[in-house]
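Asker: Pasting in a structure now, in structure tokens, and then I'll have a few things to ask.
Nothing in this text is a laboratory measurement; each read-out follows from the coordinates by a stated rule. Predicted model, so just to flag it, every value in this text is computed and none were measured. Here the Cβ positions follow ideal geometry from the backbone for every residue, glycine too, while neighbour counts run over all protein chains shown.
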Amino acid sequence: MARRNATRESEPFEERIVDIDVTDEMSNSYLQYSYSVIYSRALPDARDGLKPVHRRILYQMGEMGLRPDRGFVKSARVVGEVMGRLHPHGDGAIYDALVRLAQPFSMRLPLADGHGNFGSLGNDDPPAAMRYTEARLSPAALLMTNDIDEGTVDFGPNYDGQETEPIVLPSAFPNLLVNGTTGIAVGMATNMPPHNLGEVVAAARHLIKHPEATLEELVRFVPGPDLPTGGRIVGLDGVRDAYESGRGVFRIRASAHLEPIGRRQGIVVTELPYNIGPEKVIAKIKELVQNKKVQGIADLKDLTDRTNGLRIVIEVKNGFNPEAILAQLYKLTPLEESFGINNVALVDGQPLTLGLKELLEVYLDHRFEVVRRRSEFRRKKRQDRMHLVDGLLIALLDIDAVIQTIRTSEDSADARRRLRERYELSEIQANYILDTPLRRLTKFDRLELENEQERLRAEIAELSAILDSDSLLRKVVSDELAKVSKEYATPRRTALLEADEVPAIVDVPLEVADEPCRVALSTSGLLARLPADFAADAGRPRAKHDALLSLIDVTTRADLGVVTSAGQLYRVAVVDVPVLPPDADGLSGGISVRELVRGLAEDEQVLCVASLNPDSPGVALGTEQGVVKRVVPEYPANKDTMEVITLKDGDRVVGACELRTGREDLVFITTDAQLLKFSADLVRPQGRPAGGMAGIKLDDGSSVLCFTVVDPDQDAVVVSVAGSGDTLPGVMLSTIKATPYRLYPSKGRATGGVRCQRFLKGEDRLVFAWAGPYPARPVDEEGRALVLPALDDRRDGSGAPLAKPIGRIGG
């Protein structure tokens, strides 16, 4: 230790102190750092549209042979090769760049083919670690690196000077415009959206043919960005500003449409703004709902999958306008975002802000240089080969003398000298002749060489023509771009909307207006909301589910009552009843009443719907044991279920209908074929708990089969079907009779009525009966239309054979 210290002390030491102003040192050091970040990391080159890290990844993957037709390799291997040979930065930055190259939602034309989890839209699901994922070049990436080994671009030393790397890639398509880029440097940033390959190539080819083309002409080919995630660009003024000056702002709106979701209306989002993920949108909507800044949303689901793609379903509460809610979501959530274009890129090593035409011109100048250098390289290669072929053909013409010259030479150097002197060959030609095996000196090989000579001469002439003619050079570039577009171009994904084309949905009221409408209940138990002027057209063809039990006038924000055979009334909001689509088949577009009224027993039948209007004459009910009741229209607003009649043991309601005037006829039809009709004026209104009063006098063993309400001022019909006590629903019955309603006289309440059908042999009762407006609409158990027989003017006739069983009859 002492000896080492002594050695150090004996070494001469010269102290050198440089006095530098700290301001100058900070300024110079910061400028060097800024330039390094701008040139070597953050900004893309305007020629190939790549930052150094992306360029090094593509080049190194090409050097590793990771072509699209080869197998995948671990991403960690790619990152390691790039980091060890070319990129003097951390593996995290390299892997992040590789991930972006493989994301189809980030790149309009991905340059890497990834296998594994490479992240999700908006980075909601980050990519897996590089030890788990695999990658290789995509077919489009070959367009970036093709011809790189033909002297098309310059190479420079890598970070340690031991290897070389390309300064720029040949780039057979305008990558900067097609895939866009983003980057933050020191004091400047770049943010460029992707575009459609076919549109950009069309603009570039137009510029090749017309170098003086104006921006307006180019915009006809490239009207706006084309984002990988689709969506809609709202307003194009900012886009045109960016195409002119290199800077501009536009708004991206998600693509959404309205569709029925169960018994509600739903907003379905299928495309999101660029770089926005579904989780971010869902989290923001939930926050707005919790803070009560957005009302009317019932449920929110993310149904995105690989089969159907993006699908966010927003269920809207009944009574709210989906259009108005969608307008709020556009305003308050990332469903609509702005994108600031800042076209900053490196041109000759200097950061410049470029418009659309300047970007195309820089790329085309680069491509002209690439094709020119490639043509020079190929011509030189063919000229060199031509030189060898010419020498070999000279030797073949005098092959015996050539062989004799070689055999009599002392060594190879002497043979080379004698061949050059005798046949005026170059040293390269003489060496090639000496290295050629004897088996190639056949007549067939001579023919091959002559054919090759002709082919090389033609190719050299073609390449020389390209190099000598600027117009031909430009044509070659244009044709190559057209070929790329034909193979890789895809249809536009992003819709472009001018400001005056944007749908004006902001003026739609949030809640559905309280407007008049009608609600219909079919005999098959379907409810539907109809326009206030709806009227059943008796002349149109019959449709399934078109026989109506009830048709009432209400308003959209009112309630209606559902009356059942158990004597219960269930309150239902009219807005919960779906609107019948214009093209619906009958009431098939409605909703089953059991979906709105969850408490119904299995054997409980829905008899009618009532408007709950306090000014109406009330609801008339008839029971199986002959009881009739008019319910006073006083329904508690705080109850959703209430009793409208107190039934005796074993009794049930067989019919109910809301009265319109209070002067309608109430009609009972019994199993022993008795029909009684009397005016509703004869039944005094009662409160809900009341048990009603005597309606029809029943004989022993008989019961009420049908109770209806008939307007005496309208044409009506009575339909009855006779059978036996063994007849079951859905089986073939005996006889049916349809009789004009006017043939039956009115009787007093609590009397026995008159006979409406005479039984034939084997018949002992009515199994079906109905009275209502003419023409009646019979249906089977499935709601399909049936046809009644012709009217029988005999009030107590026996009827005609029944062709098909009748399930229900409606008006």
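Asker: Which one of H387, Q103, Q453 is farthest out on the positive end of the charge dipole of the chain, using unit charges on Cβ (Lys, Arg +1; Asp, Glu -1) and the Cα centre as origin?
Answerer: Q103
Asker: Sort the following peptides by mean Cβ neighbour count (other Cβ atoms within 10 Å, averaged over residues), highest first: 156-168, 774-786.
Answerer: Highest-to-lowest ranking by the protection proxy: 774-786, 156-168.
Asker: Let me ask you something else. Assuming R0 = 25 Å, what is the FRET efficiency of D411 and E452, from their Cβ-Cβ distance, to the nearest 0.05?
Answerer: 0.20
Asker: Go ahead and estimate [θ] at 222 nm for the chain from helices alone: -39,500 (n - 2.57) per DSSP H run with n ≥ 4, summed, over the residue count, rounded to 500.
Answerer: Per the formula, -9500 deg cm²/dmol.
Asker: For the ranges 542-552, 304-314, what's the packing order if you count other beta-carbon atoms within 10 Å of each residue, average per peptide, and put the highest first?
Answerer: 542-552, 304-314
Asker: Give the long-range amide H neighbours of R652: residues separated by 5 or more places, or on another chain, with amide H under 5 Å away, using H modelled in the peptide plane at 1.01 Å from N.
Answerer: E624, Q625
Asker: Farthest toward the dipole's positive end in the range 50-170, which of M64, G119, P166, given Cβ charges of +1 (Lys, Arg) and -1 (Asp, Glu) about the Cα centre?
Answerer: Going by the Cα projections, it comes out as G119.
Asker: Continuing with this model, one more query. Explain nothing, just compute: Karplus ³J(HN,Hα) = 6.51 cos²θ - 1.76 cosθ + 1.60, θ = phi - 60°, for every residue of the range 380-393 in order, whole Hz, x for Gly and Pro.
Answerer: Result, ordered by residue: 4, 5, 6, 5, 4, 5, 4, 4, 5, 5, 4, x, 5, 5 Hz.
Asker: Apply 1/(1 + (r/R0)^6) to the Cβ-Cβ distance of K648 and R263, taking R0 = 35 Å, and write down the FRET efficiency to the nearest 0.05.
Answerer: Using R0 = 35 Å, I get an efficiency of 0.45.
Asker: Here's a follow-up. Just add up the charged neighbours of T523: K/R +1, D/E -1, any other residue whose Cβ is under 14 Å from the Cβ of T523.
Answerer: Every neighbour counted, the sum reads +1.
Asker: Using a simple spin-label model with points 7 Å from Cα along the Cα→Cβ vector, what separation in nm is obtained for K331 and A532?
Answerer: If labels sit at K331 and A532, their model points lie 2.8 nm apart.
Asker: Provide the packing ranking of 557-568, 696-707, i.e. peptides ordered by the mean count of other C-beta atoms within 10 Å per residue, highest first.
Answerer: 557-568, 696-707
Asker: Which one, L332, P322, Q290, is farthest towards the positive end of the dipole of the range 255-334 when Lys and Arg carry +1 and Asp and Glu -1 on their Cβ?
Answerer: Of the listed residues, the answer is Q290.
Asker: Taking θ = phi - 60°, what integer Hz values does the Karplus form 6.51 cos²θ - 1.76 cosθ + 1.60 yield along the range 786-791, in sequence order, with x for Gly and Pro?
Answerer: For the range 786-791, the Karplus-derived couplings read 10, 10, 7, x, 4, 5 Hz, x marking Gly and Pro.
Asker: Once amide H atoms are placed 1.01 Å from N in the peptide plane, what residues at a sequence separation of 5 or more from S550, or on another chain, have their amide H within under 5 Å of its amide H?
Answerer: Those qualifying (amide H under 5 Å, at least 5 residues apart or on another chain) are L521.
Asker: Compute the distance from the alpha-carbon center of the range 739-811 to that of the range 263-303, in whole Å.
Answerer: Measuring centre to centre over Cα atoms gives 55 Å.
Asker: With a ≥ b ≥ c the root eigenvalues of the C-alpha gyration tensor of the range 115-215, is it rounded (a/c under 1.5), prolate (a/b larger than b/c) or oblate?
Answerer: oblate
Asker: Give the shape of the range 516-810 as rounded, prolate or oblate, defined through the alpha-carbon gyration tensor: a ≥ b ≥ c are the square roots of its eigenvalues, a/c under 1.5 means rounded, and otherwise the shape is prolate if a/b is larger than b/c and oblate if not.
Answerer: It is oblate, given that a/c is not under 1.5 and a/b is not larger than b/c.
Asker: Label 7 Å along Cα→Cβ of K761; the range 778-810 residues with amide nitrogen under 20 Å?
Answerer: It comes to 797-802, nothing else.
Asker: List the GluC sites (Glu not before Pro) in the range 549-642 that DSSP assigns to loop (not H, G, I, E or B) and whose Cβ has at most 12 other Cβ atoms within 10 Å. Which are they?
Answerer: Qualifying residues, ordered by number: E602, E634.
Asker: Check which residues have an amide H placed less than 5 Å from L612's amide H, if you skip close sequence neighbours.
Answerer: When sequence neighbours closer than 5 places are left aside, the close amide H contacts are G561.
Asker: If you don't mind, another one. Could you compute the FRET efficiency for D302 and S245, with r as their C-beta to C-beta distance and R0 at 35 Å, rounded to 0.05?
Answerer: About 0.30, to the nearest 0.05.
Asker: How far is it, in nm, from the label point at E421 to the one at D514 when both lie 7 Å from their Cα along the line to the Cβ?
Answerer: Distance between the two pseudo-spin positions: 12.1 nm.
Asker: For the range 393-489, with only Lys/Arg (+1) and Asp/Glu (-1) charged at the beta-carbon, what is the dipole magnitude about the Cα centre, in debye rounded to 20?
Answerer: Computed charge dipole of the range 393-489: roughly 160 debye.
Asker: Of all DSSP beta bridges in the chain, what percent run antiparallel (nearest 5)?
Answerer: In the chain, DSSP labels about 95 percent of beta bridges as antiparallel.
Asker: Under unit Cβ charges (Lys, Arg +1; Asp, Glu -1), what dipole magnitude, rounded to 20 debye, does the range 194-335 have relative to its Cα centre?
Answerer: Charge dipole, the range 194-335, about its Cα centre: 560 debye, nearest 20.
Asker: When the Kirkwood radius is taken over all Cα pairs of the chain, what Stokes-Einstein diffusion coefficient follows at 37 °C and 0.692 mPa s, in µm²/s?
Answerer: It comes out at roughly 93 µm²/s.
Asker: Determine the dipole magnitude for the chain: charges of +1 sit on the beta-carbon of Lys and Arg, -1 on that of Asp and Glu, nothing else is charged, the reference point is the Cα centre, and the result goes in debye to the nearest 20.
Answerer: Computed about the Cα centre, the dipole is about 2160 debye.
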